[in-house]
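Working notes, beginning with the structure itself.
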Amino acid sequence: MARRKKIYEGKAKVLYEGPEPGTFVQYFKDDATAFNAEKKDVIEGKGVLNNRLSEFFMIGLENIGVPTHFLKRLNMREQLIRQVEIIPLEVIVRNYAAGTMSKRLGLEEGTRLPRPIVEFCYKDDSLGDPLVAEEHIIAFNWATQQDLDDMVALALRVNDFMSGLMYGVGIKLVDFKIEIGRLWDNDFQRLVVADEISPDSCRLWDIETGQKLDKDVFRRDLGSLADAYTEVARRLGVLPSNATHMPKPTLIN
Ligand code: 5GP
């Protein structure tokens with residue numbers, strides 16, 4: 001990889017300085033982590049799949065008028081994105097109970113919620129990304145009331161888009177997490193979908209069998225994560241063939 005300035009390295013991605021001001025290159029790693037990085041592994045091909053899937057979802061969102069940070073895919077593992085100021089909140093939308101909501105409220109996983117529920121968690125690994133109320137967000141100045149209203153509207157549009165897309169390929173969108181960034185145009189601010197949208201940050205269940213096709217496969221040791229993500233990509237027509245499972249190059253004597 002060419003030498004260039006690393007801006008930030010997270011658990012699953014690296015951000016590099018982009019070719020033009022106001023841009024970054026987002027590199028998708030094969031690293032998988034769960035439970036605040038207590039469980040770690042390298043899943044060959046995960047970065048390639050998430051790069052393609054995130055591109056696919058972001059382009060789809062742009063096409064229905066939902067702004068995102070995405071500019072273009074550069075290669076198998078990298079995409080060019082707009083530089084945004086990330087709001088330090090994870091925005092979670094839930095259609096069915098699962099994960100921490102099931103634990104917190106004693107709801108059986110898979111229980112249909114009366115309507116989509118939007119939650120906010122404060123992005124801080126050392127605190128385990130705690131759930132916070134709108135009161136905290138405004139009091140601590142992480143976002144304004146107007147930002148919050150816009151974030152909820154954005155998250156619900158992403159939910160409608162992603163739910164419909166997934167339903168069309170026999171997958172139930174149980175819940176997902178997005179991050180939102182501020183994009184400045186002089187003094188004018190726009191909120192855009194940032195980070196990534198991939199099976200790393202969604203719960204995706206097969207409608208017929210209930211089979212999990214998301215990061216819970218890794219979190220709960222349910223089988224091959226690469227196979228699950230490949231299945232999502234295959235159903236969506238994102239990968240023409242089993243492109244991530246290509247054999248390693250061999251030396252020809
Ligand atoms: P839960 O709160 O049940 O653990 O997660 C709700 C949804 O948000 C799940 O789809 C989960 O994958 C996603 N999510 C929550 N926190 C994170 C996070 O820190 N990283 C990623 N990639 N996804 C998250």
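Read the figures in this text as sums done on the coordinates, not as results from a lab. Given the structure is predicted, the values throughout are model-derived calculations rather than measurements. Cβ placement follows ideal geometry from the backbone for every residue including glycine, while neighbour counts extend to all protein chains displayed.
In this label model, Glu208 and Asn63 are separated by 2.5 nm, measuring between points 7 Å along each Cα→Cβ vector. Sorted fewest first by neighbouring Cβ atoms within 10 angstrom, Tyr27, Tyr122 come out as Tyr122, Tyr27.
Counting every other Cβ atom within 10 Å of each residue's Cβ, Ser102, Ser126, Ser224, Ser201 order from fewest to most as Ser126, Ser224, Ser102, Ser201. Relative contact order for region 56-96: what is it in percent, counting Cα pairs under 8 Å that are at least 6 residues apart? So the answer I get is 23 percent. In this simple spin-label approximation, Phe188 and Glu135 carry label points 7 Å from Cα along the Cα→Cβ vector, and these lie 3.7 nm apart. With neighbours defined as other Cβ atoms within 10 Å of a residue's Cβ, the residues Glu20, Glu134, Glu78 order from fewest to most as Glu20, Glu134, Glu78. For the pairs Lys103/Lys215; Lys6/Lys212; Lys5/Lys215, note any where the Cα-Cα span goes beyond 26 Å. Violating the 26 Å Cα-Cα cut-off are Lys6/Lys212; Lys5/Lys215.
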